[in-house]
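These notes concern the structure reproduced below.
Readers should treat all values here as calculations from the given coordinates under stated rules, not as data from a laboratory. A quick note: this is a predicted structure, and the numbers were derived from the prediction, not measured. Because the Cβ atoms are built from the backbone with ideal geometry, glycine has one as well, and the counts that use them run over all protein chains shown.
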Amino acid sequence: MKYLDILRAKLATLSEQRDAAIAEMEAVTEAAVAEERSALTADEDVAFAAARSKVDELDAEITAVHERVGELESLAARQQAAAVVPETVQYMRRTEDADTVDRDVATLKPAEARSIALATLERKDELGLAPEQLDKVETLLRSHTAELRGDNIARRLILTENDHYRSAWQKAVTSTTPVFTPEEGRALQAWDEFRAASIGTDTAGGFGVPVLIDPSIILTGQQSLNPFRQIATVRTITTDEWKGVSSAGVTWSFDNEAAEVSDDTAVLAQPSVVTKMARGFIPYSIEVGADYPGFANEMATLLTAGLDELESSVFATGNGTGQPRGIITALDANTNVEVVVTTDGLLGAVDIRKVWGALPDRARANATWVMSSDTANDISAFGSAYGADSTVDLTGQVTTLRGRPVVISSYFPDFTGTTDAANILAVGDFSKYYIVDRVGLTVELVPHLFATANNLPSGQRGWFAYKRVGANSVDDLAFRLLQNT
C-alpha cells in the first residue's frame, strides 16, 4: 500500500472517531433535553467537555492529514502530467538547453521540497533502511526550527538521491581522473552550487554523501552500538550550534490575604552545544579501488562504523576542547554531583544505595545507570546483598538497579580497587545529556599517498571524511557520579 493510501485510510478512521465523539456529546445532552433542564449536571458537564476536547484534537489531526494528502495528491498530479514515475531523479527535469535541476531545486518552496523528498521515502522497500531510520528521515524533513531547516535536508536529498549523483559520487571518490556523463556532471554541479549557497565555506570542497547512506542523518540509537545515542537526547541541526532554554522552574509561595505576592520570577539560562569536527581516513591500494565491486558503498559503511566507535569514546570521556564533552568529564568538573564510595578502594552494595540516594527525585523516574562491563560484573557479584534491588540476566550480567536499566559502555573506567582518585559509574536522567549532529558527512579523495620513509608514492589512495558533532550535559544536577578519592 502506498503512503498516500495509508494516509487516506487514516483520514477515514479519524473521521469515524470524530463522529463517535460528537455522538458522545449528543448523548450527554439527551437527559437534560428530556428533563427540560437548562443546565447540565457536574458529571454531565465533565463528560461533555471531555468529548468536546476529543473533537478538537481530532479536528486538528484531520486538518494536518488533509494537508499532507493534498501535498501528495498535488505531487502525484504533477508526476502524472509529466508521465514520470515518482522518483526525485525524474523530477530533475532538463530543459531544451540542457539546464538542470539545480535551478528547480533552488527555487522550490519549502513545502514543495519536502513533498518531493517525502515521495522518495514511499519507495521504502528499495531503500534498505530500517523503519526507525525512515521515521527519523521523515521527522527531519518535516522539522523547521532555528537550528534545523527540514527543507535544507529535503533539497540535499533531492540532489543526491538519484542515479546520476550516486554514480558520479562513486566515480569521484574512487578515481583520480573520473570521466562523467553529461548527466553526472550536471548532478555534481547542482550539488556544488547548493553546497556553496546553503552550507557555507567551512565545508568547501569534497563530495556530499548521498542522504540515505549519510550517518549524520540516518544513524539512530537502534542501528548503533553506541549506547549514548540510545539514552541521550539527540538533536540534528543545519547550523553550527544548538541553543536551548533551561530553568530551575518557578518558585511558588503561600502569601497572606491581600498581601503583595513574592517575586517568584523564573531564572532562564541558555545551554548550548557547539559542534566539533570528527575526521576519518581510510587508505587503500589502487588495485582494491579498481577491483572491488561496490567499493564506495563498502567504504561508507566502514567510515560509519569508525565514526560510531569514536563517538562512543568521546561521549564518555571527551574533554570538550576540540571534541564533544563526555558525560564523565562534565560531571567530574562539578563537585555538587560527585559521590564518594564509603570505603576507599572498595565497591559495595552500600555505595549503590548511597549514589542512588543522592540522585534528585526528579531524575529517578527516567534514570539510567552507565558503567563498564567490569564494574557491572562486580555489582552482579553482590548477590543477595542487594536483594530485589537488582536484576541479573542468564549470563550473570546485571541489567537493572533500583528498577532502572543498566547500560554498558566499554569506555567507562573499570573498577580496579585503587585507592587513588578514580571514577566508577554514573547514574541520572540522560535526556539531559545532549548529542548534536550537524547534517552532512563529506568525503574527499586523496589521489596519492606517500611513504613516510622516502616520500615516494606508495601505490595507495585515501578517503578523508569529516562531519560535525557536539555533546554536553545541559543539567549536571540530574546526574550523580560515583567515584573513589
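Full-extension gain between residue 132 and residue 30, please, as 0.36 nm times their residue separation minus the C-alpha to C-alpha distance.
32.1 nm
So, by mean Cβ neighbours within 10 angstrom, what's the order for 127-137, 348-358 with the highest one leading?
Top of the packing list down: 348-358, 127-137.
Tell me the label-point distance for the pair residue 366, residue 414, using the 7 Å Cα-to-Cβ offset, in nm and rounded to one decimal.
Here the answer is 3.5 nm between the modelled labels.
Taking the simple approach of a point 7 Å from Cα along Cα-to-Cβ for both residue 122 and residue 336, what is their distance in nm?
5.3 nm
At 0.36 nm per residue, minus the direct Cα-Cα distance, what do residue 10 and residue 66 gain on full extension? Give it in nm, one decimal, please.
Contour length minus Cα-Cα distance gives 19.1 nm.
With a 10 Å radius around each residue's Cβ, average the other Cβ atoms per peptide and rank 145-152, 336-343, 61-68, highest first.
The packing order, highest mean first, is 145-152, 336-343, 61-68.
Using a Förster radius of 60 Å, what is the FRET efficiency between residue 288 and residue 397 based on their Cβ-Cβ separation? Nearest 0.05, please.
So the FRET efficiency works out to roughly 0.95.
Quick one: length gained pulling residue 421 to residue 53 fully straight, 0.36 nm per residue minus the C-alpha distance?
Between residue 421 and residue 53, full extension yields an extra 126.8 nm.
Measuring from label point to label point, each 7 Å out along Cα→Cβ, what is the residue 350 to residue 40 span in nm?
6.0 nm
Give the long-range amide H neighbours of residue 339: residues separated by 5 or more places, or on another chain, with amide H under 5 Å away, using H modelled in the peptide plane at 1.01 Å from N.
481, 482, 483
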